[in-house]
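Before any comments, here is the structure.
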Amino acid sequence: MSTSSEGHLTVPDCLFCRVVSGEVPATVVATTERAVAFADINPQAPLHVLVVPRDHHADVAQLAAVDPALLAEVVGLADEVAQTEANGQFRLVFNTGAEAGQSVFHVHAHVIGGTQLGWSPA
Ligand code: 5GP
Ligand code: ZN
């Protein structure tokens with residue numbers, strides 16, 4: 001872990017740290033001082049945006065423990081995106097651990113919506 005030129009906690013080989021820095025291109029839809037929202041590369045619904053804190057934390061449990069205000073900022077940005085890009089209704093998913101489907105270990109909220117959603121996680 002190190003500090004980026006913008007002052008964020010960063011991990012060199014982390015995909016979403018590289019999205020935050022602009023090194024990996026992404027379709028950014030909204031930002032705050034400490035969080036970034038960008039389109040998922042493989043959308044599962046009409047609205048499928050990822051919201052990440054600019055600081056690297058591995059998962060939502062670690063983010064909640066270390067910086068709960070930043071978790072609240074991530075949730076607030078998710079709500080803003082759902083208001084702007086859909087009808088304000090959304091599902092917020094934090095896959096936590098490989099068995100739960102987490103493949104990128106920089107915490108990210110999946111903001112899913114824009115249609116009537118089903119419920120079949122397994
Ligand atoms: P996870 O499986 O960790 O919960 O979610 C990772 C998400 O990141 C997946 O939905 C996947 O489609 C998305 N993703 C993976 N690589 C990239 C990328 O390079 N750019 C963007 N925008 N999304 C990505
Ligand atoms: Zn990271």
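The values are calculated or read from the model by the stated rules, or taken from the named source; none is laboratory data. Everything quoted here is computed from the prediction, not taken from an experiment. Here the Cβ positions follow ideal geometry from the backbone for every residue, glycine too, while neighbour counts run over all protein chains shown. SASA here: full protein model, heavy atoms, side chains in, ligands and nucleic acids out. Shrake-Rupley method; radii C 1.70, N 1.55, O 1.52, S 1.80 Å.
Which one of the conditions (1) open to solvent by 40 Å² or more (accessible area, probe 1.4 Å); (2) more than 12 Å from the chain's Cα centre (by Cα); (3) away from ligand 1 (no atom under 14 Å from the Cβ) does THR10 fail to meet, given that it meets all the rest?
With respect to (1) open to solvent by 40 Å² or more (accessible area, probe 1.4 Å); (2) more than 12 Å from the chain's Cα centre (by Cα); (3) away from ligand 1 (no atom under 14 Å from the Cβ), THR10 is out only on (1).
Select from region 16-33 the residues that are within 12 Å of the chain's Cα centre (by Cα) and open to solvent by 70 Å² or more (accessible area, probe 1.4 Å) and list them in ascending order.
VAL28, THR31
Return the only residue of VAL104, VAL36 being within 26 Å of MET1 (Cβ to Cβ), out of contact with any Gly (no Cβ under 7 Å at 6 or more places or on another chain), of a type in the set (A, V, I, L, M, F, W, C) and surrounded by 21 or more Cβ atoms within 10 Å (Cβ to Cβ).
Result: VAL36 is the single residue among VAL104, VAL36 that is within 26 Å of MET1 (Cβ to Cβ), out of contact with any Gly (no Cβ under 7 Å at 6 or more places or on another chain), of a type in the set (A, V, I, L, M, F, W, C) and surrounded by 21 or more Cβ atoms within 10 Å (Cβ to Cβ).
What number of residues within region 2-25 are in a loop (DSSP other than H, G, I, E, B) and β-branched (Val, Ile, Thr)?
Residues meeting the conditions: 2.
Could you pull out the residue among ALA98, ALA64, ALA86 that is free of Cβ contacts under 8 Å to residues at least 12 places away in the same chain and either open to solvent by less than 70 Å² (accessible area, probe 1.4 Å) or touching a Lys or Arg at 6+ places or on another chain (Cβ under 6 Å) (or both)?
None of the other options fit; the residue is ALA64.
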